[in-house]
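Participant: Dropping the structure in here first, questions after.
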Amino acid sequence: MRKLNVLIAGSTGYIGIELIKLLVKHKNINIKYLCGQSSVGKNISIYEKSLKNKDLPKIIKFNKNLLKEVDVIFTALPNGEAQEISNKLLNNNILIDLSADFRLRKSKDYKKWYKQKHKSIKNIKNSIYSLPEISKDKVKKFNIISCPGCYPTSILLTLIPLLKMKLILTNNIIIDSKSGYSGAGRGVHKKYKQKNLYESLSAYGVGFHRHNSEIEQELKKFSKNNINFSFTPHLSPMFRGILSTIYIDLKNNVKIKKVQNTLKKFYKNEKFVKILKIDSQISTNDVINTNNCLISICKTKYKNKIIILSAIDNLIKGGAGQAIQNLNIKFNLNKLEGLR
């Protein structure tokens, strides 16, 4: 097949840069346009030295006429901007969004959690929330693909199979997640200038982080019971990576080995989700610069309680890599292309 022409809007952010680094190695992709606001006219290599000798276009400002020349638009923009672009899409355009613009299925939920009115309500029904290992080929039916947030990715990959198989109680799931500061974007140093990012650990969004809405929405799809969970995110003194620690109560007579086997069976054909031996100690260092999610089920001193560890690179599996997974599925490409 011919190469797909791609436009990346928000090309100079951490996620945008990661997308470019992966897509330049993708044999089915031609990066036709890089778009930005304050960076117009500059070379992308200013922001990422490893791209210096790549044949890439200079950064330009987005305008709707560019849509005539591209097949795929990746948006890694502030919330709300991909909604505006979605209203301009042509019939042959595929939009793959890495913001929260189409993650929530109800516009009122978007307004509640993101404090702004949805600008493309009609396109919500035309979009899919696509965690690739869960949605699989369903993504092929949609031209607007919403990629999950980084925290939810590490959490949902762990919990969804266990909910589907009815192995766990749903009344008190506790989720403690720690992320590198890149997850807050390039403005993180200004936004958290009092936090001493390089030497301290900081909790934020306690009880009401925006990703609560996304996590709850997706978990409810797979459980008939009410889902009660507590989610607390933290910024860690590292640039990238997420480690989620999830505290779970098992249903009666469910053994830890059954949890292990259920996850292994569920992901046996998935290259990027790896279920480790019980009680494996994992770190973000095990997944940095990969599209992998490592999952470890750990025993506790209580027979009916377990702790599950889930590690991803927030910029790849929690961002750019996942977007490329969705691209590959949508266009029937090799699932590993661009992600080896």
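Participant: For residues that are surrounded by fewer than 16 Cβ atoms within 10 Å (Cβ to Cβ) and on the phi < 0 side of the Ramachandran plot, tally how many sit in segment 247-257.
Facilitator: Qualifying residue count, segment 247-257: 4.
Participant: How many residues, within segment 89-104, are surrounded by 15 or more Cβ atoms within 10 Å (Cβ to Cβ) and part of a loop (DSSP other than H, G, I, E, B)?
Facilitator: 9
Participant: Under 6 Å between Cβ atoms, at least 6 apart or on separate chains: pull out the pairs that start in segment 70-99 with a residue that is on the phi > 0 side of the Ramachandran plot and end on any residue that is assigned to a loop (DSSP other than H, G, I, E, B).
Facilitator: What qualifies is 80/116.
Participant: Within segment 145-192, take every residue that is at pLDDT below 95 and of a type in the set (Phe, Trp, Tyr) and give me the one that is farthest from residue 222 (Cα to Cα).
Facilitator: Out of the qualifying residues, it is 192.
Participant: Something else now. Please list, ordered by first then second residue, the pairs with beta carbon atoms under 7 Å, 6 or more apart or interchain, first in segment 298-309 and within 17 Å of residue 154 (Cα to Cα), second aromatic (Phe, Trp, Tyr).
Facilitator: Between residues of segment 298-309 that are within 17 Å of residue 154 (Cα to Cα) and residues that are aromatic (Phe, Trp, Tyr), the close pairs are 307/247.
Participant: Give the residue, chosen from 263, 294, that is under 29 Å from residue 100 (Cα atoms), without any contact (Cβ under 8 Å) to a residue 40 or more places away in the chain and either outside any strand (DSSP E or B) or in the same structural domain as residue 171 (by TED's automatic domain parsing) (or both).
Facilitator: 294
Participant: I'd like to verify a number: residues in segment 2-27 that are touching a Phe, Trp or Tyr at 6+ places or on another chain (Cβ under 7 Å) and part of a loop (DSSP other than H, G, I, E, B), how many?
Facilitator: Final tally of qualifying residues: 1.
Participant: Run down 155, 145, 134 and say which single residue is in contact (Cβ under 8 Å) with a residue 24 or more places away in the chain and closer than 24 Å to residue 11 by Cα.
Facilitator: The unique qualifying residue is 145.
Participant: Mind listing just one residue for me: the one in segment 269-291 that is of a type in the set (D, E, K, R) and part of a loop (DSSP other than H, G, I, E, B) and, of those, farthest from residue 334 (Cα to Cα)?
Facilitator: 279
Participant: What about residue 69, is it of a type outside the set (S, T, N, Q) and over 24 Å from residue 100 (Cα atoms)?
Facilitator: yes
Participant: Now for a different question. Name the one entry in 222, 239 that is aromatic (Phe, Trp, Tyr), farther than 17 Å from residue 134 by Cβ, within 20 Å of the chain's Cα centre (by Cα) and surrounded by 12 or more Cβ atoms within 10 Å (Cβ to Cβ).
Facilitator: On inspection, the qualifying residue turns out to be 239.
Participant: Any residue in segment 219-239 that is of a type in the set (A, V, I, L, M) sitting within a Cβ distance under 6 Å of a residue that is surrounded by 14 or more Cβ atoms within 10 Å (Cβ to Cβ) and in a strand (DSSP E or B)? List the pairs, counting only those 6 or more apart or interchain.
Facilitator: Within 6 Å, the pairs are 235/202; 238/180.
Participant: Among the residues of segment 131-155, what is the count of those that are part of a helix (DSSP H, G or I) and either farther than 15 Å from residue 313 by Cα or among the hydroxyl-bearing types (Ser, Thr, Tyr) (or both)?
Facilitator: Within segment 131-155, residues that are part of a helix (DSSP H, G or I) and either farther than 15 Å from residue 313 by Cα or among the hydroxyl-bearing types (Ser, Thr, Tyr) (or both) number 13.
Participant: Can you find a residue in segment 201-219 that is in a loop (DSSP other than H, G, I, E, B), polar (S, T, N, Q) and closer than 20 Å to residue 283 by Cα?
Facilitator: Within segment 201-219 (the criterion being in a loop (DSSP other than H, G, I, E, B), polar (S, T, N, Q) and closer than 20 Å to residue 283 by Cα), the answer is no, since none of the residues qualifies.
Participant: Further question on the same structure: Taking segment 109-159, which residues are touching a strand residue (DSSP E or B) at 6+ places or on another chain (Cβ under 6 Å) and of a type in the set (Phe, Trp, Tyr)?
Facilitator: Residues satisfying the conditions are 129, 142, 151.
Participant: If you don't mind, another one. Does residue 45 count as surrounded by fewer than 19 Cβ atoms within 10 Å (Cβ to Cβ) and either assigned by TED's automatic domain parsing to the domain that holds residue 14 or at pLDDT below 95 (or both)?
Facilitator: So residue 45 fits the description; yes.
The values are calculated or read from the model by the stated rules, or taken from the named source; none is laboratory data. The model shown is predicted, which means the values in this text are computed figures rather than measured ones. Cβ: placed from backbone, ideal geometry, glycine included. Neighbour counts: every protein chain shown.
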